[in-house]
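As structure tokens, the structure follows; a few thoughts come after it.
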Amino acid sequence: MFGKKSLIYKYFRYKEKQLYAQSDFIGCMSQANVDFVIKNNIEIPNESVEVCPNSIEPVKIEKNVTEIREIREKYNIPFHKTVFVYGGNLGKPQGIDFLIECLKANQNNDQVYFVIAGSGTEFNKLKAFFNNSKLTNAQLFAQLPKNDYEILANSCDVGLIFLDKRFTIPNFPSRILSYMQSSMPVLAATDTITDVGQVIEKGKFGCWCESKSVKHFNEKLQLLCNKEIRNQMGINARGYLENNYTSKHSYEIIMSHFK
């Protein structure tokens, strides 16, 4: 239905090109997005396409030891393990089958604990896996009270990013910003089209692997079980956020065209 010869595709592609034609400048999430737009739309002047990523106004995250202890006790999350958290959409784009493979491969790993919180079209598939596997080092949450989720997420050690290996268009998940705001290193398992992994590794605030190799995922996982490495990457994550992804950066990129 959505093949390049279909009427649906042709209609939306026409609307896309109309929008580009009416735009003076086109902001993209990353350099891979810029390259993709230029490559697939030769009529667009190169100079009108630029990186203008998602951004936030970073707030200082106070990690209250008492609150962290209380929230971990409330949800039975251990203190002596490295806790990896995934929060957000659980749909086809996230490649849930690979996430399940990773959970299976680590079901006997007593160094790690996984917290998965979110919703989406693949949630029931993930829930069925949890019900059948009886994992002892992972929990799945559909919904948590907002305050509980924020405290819980900020009390974890590593933020997880998943993207399906079959993507042909570069995606740059905005979820990464909340991890960085919490001074949390990132472990990303994605396709090879996106450059989010390159950004993470160049900025030295996490690790990347392709979302088709459980072996490589586990190698990165074990590396992040090293507290010293994890803490330094967390500091780097917050610094990279403040130097690249703040509202001020977006403002300056946009306003530079009105000088």
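The values are calculated or read from the model by the stated rules, or taken from the named source; none is laboratory data. Keep in mind that this is a model prediction, so the values were computed, not measured. Counting neighbours? That spans all protein chains shown, and the Cβs are built from the backbone with ideal geometry, glycine included. When the accessible area is computed, the model is the full protein with side chains, heavy atoms only, and any ligands, DNA or RNA have been set aside. Shrake-Rupley method; radii C 1.70, N 1.55, O 1.52, S 1.80 Å.
Key figures for this structure:
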quantity: Residues of segment 53-84 that turn out to be part of a loop (DSSP other than H, G, I, E, B), open to solvent by less than 100 Å² (accessible area, probe 1.4 Å) and of a type in the set (A, V, I, L, M, F, W, C), as a count; calculated: 3
quantity: Residue count for segment 195-213, restricted to those that are open to solvent by 10 Å² or more (accessible area, probe 1.4 Å) and in contact with a Pro (Cβ under 8 Å, 6 or more places away or on another chain); calculated: 1
quantity: Test result for LEU99, surrounded by 21 or more Cβ atoms within 10 Å (Cβ to Cβ) and part of a helix (DSSP H, G or I); calculated: yes
quantity: Condition met for GLU50 (open to solvent by 70 Å² or more (accessible area, probe 1.4 Å) and acidic (Asp, Glu)); calculated: no
quantity: Subset of segment 1-42 (residues that are in a loop (DSSP other than H, G, I, E, B) and either over 23 Å from ILE253 (Cα atoms) or touching a Gly at 6+ places or on another chain (Cβ under 9 Å) (or both)); calculated: MET1, PHE2, GLY3, LYS4, LYS5, SER6, ILE42
quantity: Qualifying residue in segment 215-225 (condition: open to solvent by 40 Å² or more (accessible area, probe 1.4 Å) and farther than 30 Å from ILE100 by Cβ); calculated: no
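Rundown of residues vs (1) within 18 Å of LYS212 (Cβ to Cβ); (2) aromatic (Phe, Trp, Tyr); (3) assigned to a loop (DSSP other than H, G, I, E, B); (4) more than 13 Å from the chain's Cα centre (by Cα), yes/no style:
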residue: GLU150; (1), (2), (3), (4): no, no, no, yes
residue: LEU160; (1), (2), (3), (4): yes, no, no, no
residue: LYS165; (1), (2), (3), (4): yes, no, yes, yes
residue: LEU177; (1), (2), (3), (4): no, no, no, no
residue: SER183; (1), (2), (3), (4): no, no, yes, yes
residue: ILE193; (1), (2), (3), (4): yes, no, yes, yes
